[in-house]
1. Give me the number: length gained by fully extending VAL13 to GLN87, i.e. 0.36 nm times residue separation minus the C-alpha to C-alpha distance, one decimal in nm.
2. When only alpha-carbon atoms count, how far does the chain stretch along each of its three principal axes, as whole angstroms with the largest first?
3. In the chain, which longest range has no trypsin sites (Lys or Arg not before Pro) that are both DSSP loop (not H, G, I, E or B) and surrounded by at most 16 other Cβ atoms within 10 Å?
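No value in this document is a laboratory result; all are computed from the given coordinates. Only a predicted model underlies this, so the values are computations on that prediction, with no experimental measurement involved. Cβ coordinates were reconstructed from backbone atoms using ideal geometry, including for glycine residues, and neighbour counts include every protein chain displayed.
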Amino acid sequence: FWEVPLGVLFGAVLGAVNFRWLAGAVQRVYLRQGTTGTLSTLAAVVINVLKLSAIFVVLFIVIKKELLNIFSVVAGLSLCFVAILWQGFTALAEGKRPAG
């Protein structure tokens with residue numbers, strides 16, 4: 001019974017962590033003064049590979065051990081993405097810069 005709501009919650013949290021890591025990586029790598037284009041690109045690739053590898057390992061364990069309903073996890077990931085898009089479009093419609 002709790003497998004589906006926990007899967008949605010888990011997916012949403014994983015999606016939020018993923019986007020938070022992405023925002024942090026962009027701020028550290030691309031917005032830092034004095035970095036070269038090549039160095040920024042290399043750092044971004046390494047950070048993204050490590051981040052995606054960590055998320056892959058977590059998802060692999062959840063799927064392999066059948067801890068949660070996979071469709072509810074995907075729904076949670078999608079809800080997080082939709083919420084971020086909603087916030088961005090709302091900010092654009094109001095003429096504001098998105099927070100971050």
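1. Values: separation 74, 0.36 × 74 = 26.64 nm, distance 1.68 nm.
Value of the extension gain: 25.0 nm.
2. Ordered largest first, the chain gives principal extents of 52, 36, 12 Å.
3. Working: sites that count: ARG32, LYS65, LYS96.
Maximal segment without exposed cleavage sites: 33-64.
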